[in-house]
Amino acid sequence: MELEEQEGGDVFLSIDNLLEILGNPTRRMILSKLAKVPLGASELAASFGRKISRQAIHSQLKMLTESGILDSLGEDPRSIKYRISSNLSLRIDITPDYFNINYNIAKINNTRDNLELKDTGYHIDYQKLRGPDKKLRFLGEKIKEIEQKISILEQQRNVLLHNKECFIIELKNIIKNQYEDDLKTKEQPNLEKEIFYTLFYNTTKYFKRINIDNLLDDMFFSEMGPIRRDQHKVSIRHLLRDLSNLMGVFREDEDDWFFDI
């Protein structure tokens, strides 16, 4: 797995790298354990028993550390412990009419400086409690409340995704019934439709001015190398001009295209 380095020495973790990391069950188990307690390689190996070799543990820890997900604590190789050093979020939506991946990763330098109880708004009530048992019960109740609220939000999100897919299906029906013949090109007959749906998949990203480079990335033309990318950039500019001439939701102004909805 190759990792790119940005300016300042920060490691850039691409979506392909991230999926490769999280696609491995051993790495997921390691992350699950380290999210609870910092552990050394020997401690991890002991917790897995004979299921995973110590050599495999060392290999996975090395990859997770090099990717910027883990930090190693200590200088003595025999007593180094590992902990998670990044906030990472990944969400993948795949339906017959919609595909989207969102993820972000942020380096955490010192969790105590970045995460404080006062940020929750409950620190005053918490400080009034006396005795560790009452504090533990308070914290447990708040965690349970958050889990319940997240569950409700997930249900609401599923409803919104369902509604979005219904709108996209109707969008495709309009294209099929009104514009399909006009959107067929000789070389790549579906490219105009792919551009059209890419814009409608994420309307907030392309609302108003259309960024061609973002469009190329979302259509995965960035994987083809600079020459092919430039060729596709020219093609997409021509096709956007066709879309702006054909539909009222697009307009061209001095080589820029605008998505007005």
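Diffusion of region 72-138 by Stokes-Einstein, at 10 °C in a medium of 1.306 mPa s and with Rh set to the Kirkwood radius over alpha-carbon pairs, works out to 97 µm²/s. Summing Lys and Arg as +1 and Asp and Glu as -1 over all other residues whose Cβ lies under 15 Å from the Cβ of Lys134 gives a net charge of +2. The mean sequence distance of close C-alpha pairs (under 8 Å, at least 6 residues apart), as a share of the length of region 184-259, puts its relative contact order at 30 percent. Among residues other than Asn245 with Cβ under 11 Å from its Cβ, the summed charge is -1 (Lys and Arg +1, Asp and Glu -1).
Taking R0 as 51 Å, what's the FRET efficiency between Ser53 and Asn245 from their Cβ-Cβ distance, rounded to 0.05? According to the calculation, E is roughly 0.20.
Would you calculate, for the chain, the mean residue ellipticity at 222 nm contributed by helices, counting each DSSP H stretch of 4 or more residues as -39,500 (n - 2.57) and dividing by all residues, to the nearest 500?
Numbers: 11 runs with 135 residues, N = 261.
Dividing the helical sum by the residues of the chain leaves -16000 deg cm²/dmol.
Using alpha-carbon pairs under 8 Å, 6+ residues apart, how would you state the relative contact order of the chain in percent? So the answer I get is 9 percent.
Fully extending the segment from Asn214 to Tyr98, taken as 0.36 nm per residue of separation minus the present Cα-Cα distance, adds 40.0 nm. Here the Debye sum runs over all C-alpha atoms of the chain as equal scatterers in vacuum, and log10 of I(q)/I(0) at q = 0.07, 0.17 Å⁻¹ comes out as -0.42, -1.32.
List the longest stretch of the chain that has no exposed loop site; here a site is one of the chymotrypsin sites (Phe, Trp or Tyr not before Pro) assigned by DSSP to anything other than H, G, I, E or B, with at most 15 other Cβ within 10 Å. By the stated rule (loop sites, at most 15 other Cβ atoms within 10 Å), 1-121.
Three principal axis extents describe the C-alpha atoms of region 184-259; from largest down they are 32, 27, 24 Å. Restriction of the GluC sites (Glu not before Pro) in region 169-261 to DSSP coil positions whose beta-carbon has at most 16 other beta-carbons within 10 angstrom yields Glu187, Glu254. Pairs from the table (Lys128/Lys149; Lys36/Lys118; Lys51/Lys142; Lys36/Lys135; Lys81/Lys144; Lys107/Lys128) lying more than 27 angstrom apart at Cα are Lys51/Lys142; Lys81/Lys144; Lys107/Lys128.
Put simply, the convex hull of the Cα atoms in region 4-88 casts, on average, a shadow of 5.8 nm². Using only the C-alpha atoms, the convex hull of region 117-261 corresponds to 172 Å³ per residue. Between the amide H of Ile108 and those of Ser86, Asn87, distances stay under 5 Å, these residues lying 5 or more places away or on another chain, with hydrogens modeled in the peptide plane. Normalised size of region 140-193, defined as Cα radius of gyration per 2.2 N^0.38 Å with N residues, equals 2.01. Between helix 25-34 and the chain there is an angle of about 50 degrees, using the helix long axis and the longest principal axis of the Cα atoms.
No lab work stands behind these numbers, since they all come straight from the coordinates. This is a predicted model, so every value here is computed, not measured. For neighbour counting, all protein chains shown are included, and Cβ atoms are generated from backbone atoms with ideal geometry for every residue, glycine included.
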